[in-house]
1. Kindly report the accessible area of the range 13-144 per residue (heavy atoms of protein chains, probe 1.4 Å, no ligands, DNA or RNA), in Å².
2. For the chain, what is the convex hull volume of its Cα atoms per residue in Å³?
3. Would you mind calculating the gained length between residue 133 and residue 260 on full extension (0.36 nm times residue separation, minus the Cα-Cα distance), in nm to one decimal?
4. Of the accessible area of the range 184-327, with the probe set at 1.4 angstrom, what percent is carbon plus sulfur?
5. If you take the beta carbon distance between residue 166 and residue 73 as r and set R0 to 51 Å, what does 1/(1 + (r/R0)^6) give as a FRET efficiency, to the nearest 0.05?
6. Pick from 234, 314, 101 the residue whose mean-square fluctuation is largest in a GNM of the chain, springs joining Cα atoms under 10 Å.
7. Which of these, 202, 169, 216, has the largest mean-square fluctuation under a Gaussian network model of the chain (Cα springs below 10 Å)?
8. Considering only protein heavy atoms and a 1.4 Å probe, what is the carbon-and-sulfur percentage of the accessible area of the range 6-74?
Amino acid sequence: MEQRHLGRTGLRVSRIGLGTLTWGRDTDEHDAADQLKVFWEAGGTLVDTADVYGGGEAEYLLGQLVERLVPRRDLIIATKAGSVPDPYRRFDGSRGHLLSALDESLERLGTDYVDLWQIHAFDSGTPLEETLHALDIAVSTGRARYAGVSNFCGWQLAKAATWQLASPGIRTRLASTQMEYSLLQRGVEREVLPAALDLGVGLLPSSPLGRGVLTGKYRHSTPSDSRGASEQMAPFVEPYLDEAAGRIVDAVATAAEGLATTTLEVALAWVRDRPGVVAPIIGARNAQQLTAALSVESLSLPDEICQALDDVSAPVHRYPDQDWSTL
């Protein structure tokens, strides 16, 4: 699998990442092991998790598989901290919480360091410089090799990345930002992606298949074994089952038919090769689904197909999202 630099750093990662959102909850140890082995054998290196996935079980499960199944040196392990199960405070970006969470993540993962440590979301209740100081401490103490953020809007990302660049050698440069990005969700193109490109921050798209909708599985009905049929996950999928999304999925299916490939591959190739994107994060239910996604490695979309998909899924960008001189 092709390797790409993570932002403006020397770290190289596979251009498809393996997500573990369902590990320890819907994905058991056997399926997780199969996925990790398939991913590694395909040349994948970037494995993304978080301290809250499965209540910590995703990290623990990954830790049980590393070394026993795949050498630690062959993986780029990324995790996150900052989300908390508190109805009154969804995110805690305080230095104390973040560093404690990192230590607990390392224990569950069974490793001395993570390759990429990410702030899971912006915490408006904590000064940003305090949150970012936790990243500096994590890197300077060797508990994390690189640092990033997740779910920061445009101004939040720009402020954080600029703050870190203001004192080179003292503060840790942001390597990445993880955001939802797909043909069904192009909101990052308004401000997040331009900021990331300008500041040298690599984008790691989550839900690159539109929460599964871009595979085409929901075109005519909702499969009984899909996330859309799950009581827990149905609200996650439902926003992308409207008429507008249906037109985009139909266009992807038409492109796939013309290229003699699958809707999954077309949708994934589109987001993988967008400017600023480093590695879409794929969350599969089993090894068979993951294998189907990894087959995209050999696909590059023709310019005409990319333009057609751009046109059918184009979000509305008006003032002040666009350059004022063009309006």
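1. On a per-residue basis, the range 13-144 sits at 40 Å².
2. Working: hull volume 45.5 nm³, N = 327.
It is 139 Å³ per residue.
3. Difference between extended and current length: 40.7 nm.
4. Percent of accessible area from carbon and sulfur atoms in the range 184-327: 51.
5. Efficiency, rounded to the nearest 0.05: 0.90.
6. Greatest mean-square fluctuation among the candidates belongs to 234.
7. Sorting by GNM fluctuation, first place goes to 169.
8. 45 percent
The values are calculated or read from the model by the stated rules, or taken from the named source; none is laboratory data. On a predicted model such as this, the values are computed, not experimentally measured, just so you know. Glycine gets a Cβ as well: all are built from the backbone with ideal geometry, and neighbour counts include every protein chain shown. Surface areas here come from the heavy atoms of the whole protein model, side chains and all, with no ligands, DNA or RNA. Shrake-Rupley method; radii C 1.70, N 1.55, O 1.52, S 1.80 Å.
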